[in-house]
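First comes the structure, then the notes that go with it.
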Amino acid sequence: MNTLSRPALALAAALAVLAAGCTSLDSGDELFRPLVGQAGKDVMWVPTLDSAVMPMLEVAKVGPDDIVYDLGSGDGKIPIWAARKFGARAVGIEYDGKLSALAVRNAQRAGVSDRVRMIHGDIFNEDFSAATVLTLYLGRDLNLRLKPIIARMRPGTRVVSNAFDMGVWEPDRVIQLPDQNPIYYWVVPAPVGGEWEVNGLAGTGAARLRLVQKFQRLEGTLQAPGAPDVPVQGRLEGTRLALAVTGDREGLRRFVAEVKGDVFTGSPADGAAGAAVSGRRIR
């Protein structure tokens, strides 16, 4: 969005000031005109370039049923575009009171006050758990502080960050625009680490599946009755589970499933007619 973390980012912010150019001149009104690089709480204000806004919202496939939360929302550009271009409901959280008030006026001028709400508050104190889409332009340090909160959000929540990643939580996609910052995209994965009883895998009967989860990546073992453990690898995209099981006779078996709490249901990835795979959490 519109803020960058201050520590160790002075040079990046200075370059962003040059890149932003006249974009900042369109951000204010007769009551308040923010300055690019002005200091805030742990951040300085740098507006998201117009040319990055649409790709950020498009990669998250924002639609009318979404609730978009923009953390560090500045003048409200992202929530306003989400409402105007995609029909979404949107909420911005901004610590600076003058910027927050400007965003409210900008939403009124854009005719989207019925779909855009601005919160004057601290992103670490406000509740944004209702978001289906979360947008960020905060700096890597703040992303890392937010990461544990984001990882506990509703599975399937889409997260988009302009310019900054989340360390070891690798993105599901990276969008590289010409002469722009990269855009990072994640889908919050369902929690599936632990032990499961799985039925429907060819040649196994009821099997014990043990999974270790690191964000969206999975590894573990599958044990069928009377058989040795075989390795398993997989990946989550929100609640969609894709798993590959290596057997010594059957070769590589894959299945895809939808996770709902402590159960999942799906089918073999080869689309075998009538086949079904199901699992329930044991622990």
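The values are calculated or read from the model by the stated rules, or taken from the named source; none is laboratory data. These numbers come from a predicted model, not from an experiment. Note that each Cβ is placed from the backbone with ideal geometry, even for glycine, and that neighbours are counted across all protein chains shown.
Things to note:
- Odd one out for residue 43, checked against (1) within 19 Å of residue 164 (Cβ to Cβ); (2) hydrophobic (A, V, I, L, M, F, W, C); (3) free of Cβ contacts under 8 Å to residues at least 40 places away in the same chain: (3)
- Condition check for residue 70: under 23 Å from residue 129 (Cβ atoms), assigned by TED's automatic domain parsing to the domain that holds residue 147 and assigned to a strand (DSSP E or B): yes
- Residues (in contact with a strand residue (DSSP E or B) (Cβ under 6 Å, 6 or more places away or on another chain) and surrounded by 20 or more Cβ atoms within 10 Å (Cβ to Cβ)) located in segment 55-65: 56, 60, 62
- The C-beta contact set for segment 236-259 (first residue at positive phi and in the same structural domain as residue 204 (by TED's automatic domain parsing), second residue at pLDDT 75 or above and of a type in the set (Gly, Ala, Ser), distance under 9 angstrom, 6+ apart or interchain) comprises 238/156; 238/190.
- Filtered by the rule that a residue be surrounded by 19 or more Cβ atoms within 10 Å (Cβ to Cβ), among the polar types (S, T, N, Q) and over 15 Å from residue 79 (Cβ atoms), segment 107-160 gives 143, 157.
- Qualifying residue in segment 50-63 (condition: assigned by TED's automatic domain parsing to the domain that holds residue 162 and either at pLDDT below 90 or among the aromatic types (Phe, Trp, Tyr) (or both)): no
- Flag for residue 61 being basic (Lys, Arg) and either at negative phi or touching a Gly at 6+ places or on another chain (Cβ under 7 Å) (or both): no
- The C-beta contact set for segment 171-184 (first residue part of a loop (DSSP other than H, G, I, E, B), second residue surrounded by 15 or more Cβ atoms within 10 Å (Cβ to Cβ) and of a type in the set (Gly, Ala, Ser), distance under 8 angstrom, 6+ apart or interchain) comprises 177/52; 180/52; 181/52; 181/163.
- Pairing residues of segment 134-152 that are outside the structural domain of residue 69 (by TED's automatic domain parsing) with residues that are at pLDDT below 95, at Cβ distances under 7 Å and at least 6 apart in sequence or on separate chains, gives no pairs at all.
- Of the residues making up segment 185-235, those that are of a type in the set (Asp, Glu), in a strand (DSSP E or B) and more than 26 Å from the chain's Cα centre (by Cα) are 195, 197.
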